Every structure is written in C-alpha cells, then in structure tokens.
Amino acid sequence: IGLDPSYYQSRVPDSLKGIGVRFYPILFQMGVDIRQWGVNAGRNAMIQMKDKSRGNTSDFVGDIDTEAGDTEQIGGSIIDDDDEDEEGDNTAGAAGNEILMALNVEGYRKLNSYAHSVNPTSPGMTAATVSPPMFDSFEQTSPQQVPQQQQPIHPTLVSLSEAIKVSADKMEHAVLDRAATACQRFGGGSTVFCKSGKDRTAMQVTFKQAQFVQRVMDRKDHNKSSLLEDTPISYDEVFDKSTLMRKHGNRIPICEKNTGEPKFAFNPLQRKFMPEMLRPEAALCTWSKPET
C-alpha cells in the first residue's frame, strides 16, 4: 500500500515508521438477492401445495420468510416425488444460502479470534501475552468442519453473532452493519462493494457515513472518554442524513458517469424488498414513477 510522502511524514507516528504492519482481511456478505428470495418463496409455496394434495388439513399457513428447515419438518421433503428437475431448481437457493452462511461464520470466527487477541477477556491475560489470531487454521478448515477449540463469543461481538444466526434465507443487513461497527471498535476499517460498485454500495456507504456523522454530533452530550462507536444514536436521524447524502452527495454523479443517467439502478420490486435503512427515495431510482 502506497502513501503520499507528505501524509506519511505528517500523519504516521514515528513509532510506526519503517515497521511492518500486518493486515487481517475478513469477509462478510449480505444475502439473499432477489432471485434467491424468489426460490425460497417458491419452495415454501410448493411445500404447502404438496401438503394439500396429500390430504394434510392442518391449519398451518406458511410464510415466505419461514426457514426451509422449519417448513420441511411440517410438510415433508420437497423431493419426495423424485422429480430431478424440480430438485435442482429448489436446491439452488438452499446451496447459495449454505455458502453465504459458511462465509459469514468463517468471517465471524476470524474477527472473534482477533477480538480476543487485542482485547482479551480471560483473567490475567493481556494483549502482550495472549496468542495471536488463529487465521491460518480457519482458512484451512472446510465449511463442513468445525475447529476443535472454539473460543467463546467476545462480548463486543454478541450482536454480530446473533445477526448471523438469523440470516439464513434472509436479506439480513445487520450482518454488514454490525461487522463494520465491530471492526471500527477494534481500530480497523471496512470496505463495502457490490457487483457494480455504484448502487447497493452507495446505499451502504451513505448509511455508514450518516452513522458516523450522527455519533460525532451526539457525542458532546455523552461521555467523551468512551469509544465513538458506543455513542447512542437515533436511527431516524441517521436515515434522514443518509437520504440527504444520496440526494446531494457524490453517489449520484458516480451513477451518471457509469450509466449516463443520474439514477440508482433499482426497479420498484427491488426497492420494495430492500432494508429500510438502505432504501433510496423512489424519485432517485430508475423506472421511478409518481406515486398515486
């Protein structure tokens, strides 16, 4: 990584000049996309139809957000009729969800290991005496295998752990949000990127920028000795500020340079299923029409 010479001389502490600094890259992903959501919804609807065709008269009313494991216990396997094509269609979404969950669990384990190394919770342990993060062992572990020695959940990562647990078959934005906040708490940074780097990326970047601004503004009323990330904030105010950034910041010009139109590339259906904090105004989106 290259630094501007003047920045290096003025901003990097003398104690760090000429010292090798190791980076710990950790990946988290947000799922599912609209196609995976459609597969999950169709899968649950198919299970209910098969229940009815088999004479199941239970009062169970399925929900499109119900986890696949729960619905299969109620309605039986979705491949009981040995239809290979149907099996392939329905397992596509499940396989994608399994990969997504494995990626986020691996990222959590790495971040949890790092948290214990820089902020140990065991009595008598300090950052100087604790073992370094066990990154290499995680990278050599397949998704089906679990390391024999698992560290307890670090107190600062409890909310992230809970978000990952409930993220199956859902677009769980809390995974990215809480992971980024945790990295900031440990002195790290976060980078977010989607396929094109202009639409979904813009929503997340403006949301995190608004969080930072709101914490700085609200910190004067709270204990300034605490971490900035621990400053309580109003998410209504964060949403208002992120909306302003999406309207007047540099994200719309980036879209215009890429597509020739100063609009975010979200159609009405995509916008409907976006998390509220990441949902732009309809007027800022492609295919936007006056609401009636």
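Below is a table of values for the structure above.
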{"item": "Unique residue being under 30 Å from M101 (Cα atoms), out of contact with any helix residue (DSSP H, G or I) (no Cβ under 8 Å at 6 or more places or on another chain), of a type in the set (A, V, I, L, M, F, W, C) and without any contact (Cβ under 8 Å) to a residue 60 or more places away in the chain when the list is V238, V158, V205", "result": "V158"}
{"item": "So I164, is it modelled with pLDDT of 90 or more, on the phi < 0 side of the Ramachandran plot, open to solvent by 40 Å² or more (accessible area, probe 1.4 Å) and not charged (D, E, K, R)", "result": "no"}
{"item": "Which listed residue is charged (D, E, K, R) and either part of a loop (DSSP other than H, G, I, E, B) or under 20 Å from N258 (Cα atoms) (or both), from K208, K195, K220", "result": "K195"}
{"item": "Test: S226 is within 29 Å of Y108 (Cβ to Cβ) and exposed (fewer than 14 other Cβ atoms within 10 Å of the Cβ)", "result": "yes"}
{"item": "Residue list for the range 184-204, filter: open to solvent by 30 Å² or more (accessible area, probe 1.4 Å) and not charged (D, E, K, R)", "result": "Q184, F186, G187, G188, G189, S190, T191, V192, F193, S196"}
{"item": "Members of the range 254-292 found to be of a type outside the set (A, V, I, L, M, F, W, C), at pLDDT 90 or above and crowded, with 17+ Cβ neighbours inside 10 Å, listed by number", "result": "K263, R279, P280"}
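The values are calculated or read from the model by the stated rules, or taken from the named source; none is laboratory data. Every value quoted in this text rests on a predicted model; they were computed, and no experiment measured them. Heads up, the Cβs are rebuilt from the backbone with ideal geometry, glycines too, and the neighbour counts pull from every protein chain shown. Accessible surface is based on the protein model in full, side chains and every heavy atom, while ligands, DNA and RNA are left aside. Shrake-Rupley method; radii C 1.70, N 1.55, O 1.52, S 1.80 Å.
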